[in-house]
1. Of the numbered conditions (1) touching a strand residue (DSSP E or B) at 6+ places or on another chain (Cβ under 8 Å); (2) in the same structural domain as Phe208 (by the TED database), Thr230 fails exactly one; give the number of that condition.
2. Collect the residues in the stretch 269-289 that are open to solvent by less than 10 Å² (accessible area, probe 1.4 Å), farther than 12 Å from Leu165 by Cβ and assigned to a loop (DSSP other than H, G, I, E, B), keeping them in residue-number order.
3. Which residues, taken from the stretch 158-206, are open to solvent by 50 Å² or more (accessible area, probe 1.4 Å), of a type in the set (Ser, Thr, Tyr) and more than 22 Å from the chain's Cα centre (by Cα)?
4. Test Ile146 against the criterion of being open to solvent by less than 10 Å² (accessible area, probe 1.4 Å), farther than 22 Å from Ser234 by Cα and in contact with a strand residue (DSSP E or B) (Cβ under 7 Å, 6 or more places away or on another chain), and give yes or no.
5. Every residue in the stretch 93-125 that is assigned to a strand (DSSP E or B) and under 17 Å from Ile162 (Cα atoms), please.
6. Residue under question is Leu135, and the condition is that it be assigned by the TED database to the domain that holds Leu280 and either within 28 Å of Ser233 (Cβ to Cβ) or touching a residue at least 40 places away in the same chain (Cβ under 8 Å) (or both); does it hold?
7. Can you pull out the residues in the stretch 311-337 that are within 14 Å of Cys291 (Cβ to Cβ), in contact (Cβ under 8 Å) with a residue 60 or more places away in the chain and not in a loop (DSSP other than H, G, I, E, B)?
Amino acid sequence: GVFYEVVQSFPRVEENVEVDSFVSSHRWRRHLESLKSVDTNRASMGQDSLEPGGFTDLLLEEGHDNTTQIEEDTDHNYYTSRTYGPYDSTSRDLWVNIDQMEKDKVKIHGILSNTHRQAARVNLSFDFPFYGHFLREITVATGGFIYTGEVVHRMLTATQYIAPLMANFDPSVSRNSTVRYFDNGTALVVQWDHVHLQDNYNLGSFTFQATLLNDGRIIFGYKEIPVAVTQISSTNHPVKVGLSDAFVVVHRIQQIPNVRRRTIYEYHRVELQMSKITNLSAVEMIPLPTCLQFTSCGPCVTAQIGFNCSWCSKLQRCSSGFDRHRQDWVDSGCPEESKDKICERNIDTTETPLYSTTTLLPTTTRFRVLTTTKGSTTSHLPTSLPTEDDTKIALHLKDNGASTDDSAAEKKGGTLHAGLIVGILVLVLVVAAAILVTVYMYHHPTSAASLFFIERRPSRWPAMKFRRGSGHPAYAEVEPVGEKEGFIVSEQC
């Protein structure tokens, strides 16, 4: 793996990443089927344009297989993959033409479009199911992939990714290179547009995209692949095409207080065949049912979906024991409880799974391990944000009318928010001080503060002149002498 810098400060970036050298191996069952037998429920969203210089005008290379390749993962049945060749009309249907989308929803990320080995968080407007888990945030990287993990570390290429084409791409080397994304409420499209390899610029530009749909499907579309993916060097950066997920286990180190070691176990990976990635090709990955979809004990323990599903009454959760909630599952004693496979109440089998079920042979689970260590101060952020190239963004704004995802605007919004909080705190302190002074003066009328305000309060009493009358030492008669400020007081008063 290689190190990436995360643009935004939240969540914090974990340091001291180590990756185990063991790599998971997967067995694949491949089938060939005719094009007419493939039925997909896709969202083309109006991208079937035949404009000059567009998607359909790219030259098709000779000798490509025009059949549909279906790859089923038999190690764990999380996804079924379908690869469509350049002569298949389905590959063009699956491509989303961002230029024809609503202009205000297409974002050009200014930081990612002008930097190398950077990543930035992007919020989703919908819940995206990934390996049975619902995501609302992802991290888009310049290297042609999306990081999906909750624990953000610098070794993003190791695991927990959605990679249409992970490689050493550097959008900063060309004015035409951008990273764009589009969210219409049911799908998110991230497109790496005209990007070049940092260590081999002369190979040409790559244009490809990843589409995440709210039903869990993942689509990789390839418009411009100038060379065979198998020829891309992995010396300076991993080259991957596929999916990966992992769970995090936190260990406390007794010898060092306030330090925790995070170990990330990659429990599954989908590796697509790189030789099938060409111009005008596409890959559709359809999610299969997982144990996480069941919400009660009966359907959980009787499920026939290729997983050994078990119910944990303490967590009220169904799981195979290998998902992102692995630590909670172990800490709650669920592995011991799951051995009985007996529900406390009558088994209810009326609940139907969200997806159609498939039975596959169980196999041994293997892991890839990634370890991080967290101390009291472990966050690492870029010391400065890279300068944005206004010319590059303006070029795309002029051609496509797209808006920019300007980090400066986000920073300004954060500054205004902080200023509002400070202003409210100051106002509260002033009011509290005024109340305290008033209470003090009320209980201490002879204090300097009380006399200060009394002397400056205008009086509406008439001025009096004292004269001796009855000779009584304690009393005297008074006579009004006119309206004046203050009083004339006798010493006997």
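1. Thr230 satisfies every listed condition except (1).
2. Passing the criteria: Leu280, Pro289.
3. Ser172, Tyr201
4. Here the answer is no, as Ile146 does not meet what is asked.
5. Scanning the stretch 93-125 gives Gln118, Ala119, Ala120, Arg121, Val122, Asn123, Leu124.
6. Considered against the rule, which asks whether it is assigned by the TED database to the domain that holds Leu280 and either within 28 Å of Ser233 (Cβ to Cβ) or touching a residue at least 40 places away in the same chain (Cβ under 8 Å) (or both), Leu135 comes out as no.
7. Arg326
The values are calculated or read from the model by the stated rules, or taken from the named source; none is laboratory data. Keep in mind that what you see is a predicted model, and the values were worked out from it rather than measured. Please note: Cβ atoms are built from the backbone with ideal geometry, for glycine as well, and neighbour counts cover all protein chains shown. Areas reflect the complete protein model, heavy atoms only, side chains present, ligands, DNA and RNA absent. Shrake-Rupley method; radii C 1.70, N 1.55, O 1.52, S 1.80 Å.
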